[in-house]
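Read through the structure below, which is laid out as structure tokens, and then see the notes.
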Amino acid sequence: MLLLAAALSALAAMPGNTQLGYAMASDLQQRALVGNLDAQRELADCLTKGCQGVQPNRALACAWRIVIVAGGNPGVTAADVETRRLTCDNLSP
């Protein structure tokens, strides 16, 4: 989780990101890091598609999808597993 937090904090320095976008992502990050499944899903979606001035980052989106599926939350669904597969399986260096 610390690696994800460090990587997400780097979003502020990425070209095209706004302070508003970073603040929104930071709030999501805080809720996601404490295990809020809805926040984890929302953050992964944000990193997949981009939101509120935050540029997409498919590698971080994949990392959060792995956290969702592997985190042991009883609310994880088959859709979460499939989304993890779709998000991560097509990554390339």
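The values are calculated or read from the model by the stated rules, or taken from the named source; none is laboratory data. Note that the structure is predicted; figures quoted are calculated from it, not measured. For neighbour counting, all protein chains shown are included, and Cβ atoms are generated from backbone atoms with ideal geometry for every residue, glycine included. Areas reflect the complete protein model, heavy atoms only, side chains present, ligands, DNA and RNA absent. Shrake-Rupley method; radii C 1.70, N 1.55, O 1.52, S 1.80 Å.
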- Message: Quick check on region 24-38. Is at least one of its residues modelled with pLDDT under 90, assigned to a loop (DSSP other than H, G, I, E, B) and open to solvent by less than 60 Å² (accessible area, probe 1.4 Å)?
- Response: no
- Message: With the requirement that a residue be of a type outside the set (A, V, I, L, M) and open to solvent by less than 30 Å² (accessible area, probe 1.4 Å), what does region 54-91 give you?
- Response: CYS62, TRP64, ARG65, ASP80, THR87, CYS88
- Message: Condition first: at pLDDT below 90 and under 9 Å from the mean Cα position of the chain (by Cα). Can you find one or more residues in region 78-91 that meet it?
- Response: no
- What are the residue pairs meeting all of these: first residue in region 56-78, first residue within 23 Å of PRO93 (Cα to Cα), second residue outside any helix (DSSP H, G or I) and modelled with pLDDT of 95 or more, Cβ atoms under 8 Å, and 6 or more apart or on different chains? ILE68/VAL76; VAL69/VAL76
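One line per residue, one yes/no per condition, for (1) open to solvent by 30 Å² or more (accessible area, probe 1.4 Å); (2) modelled with pLDDT of 90 or more; (3) of a type in the set (Gly, Ala, Ser); (4) within 18 Å of VAL76 (Cβ to Cβ):
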{"position": "SER9", "(1), (2), (3), (4)": "yes, no, yes, no"}
{"position": "THR18", "(1), (2), (3), (4)": "yes, no, no, no"}
{"position": "GLU42", "(1), (2), (3), (4)": "yes, yes, no, yes"}
{"position": "CYS51", "(1), (2), (3), (4)": "yes, no, no, no"}
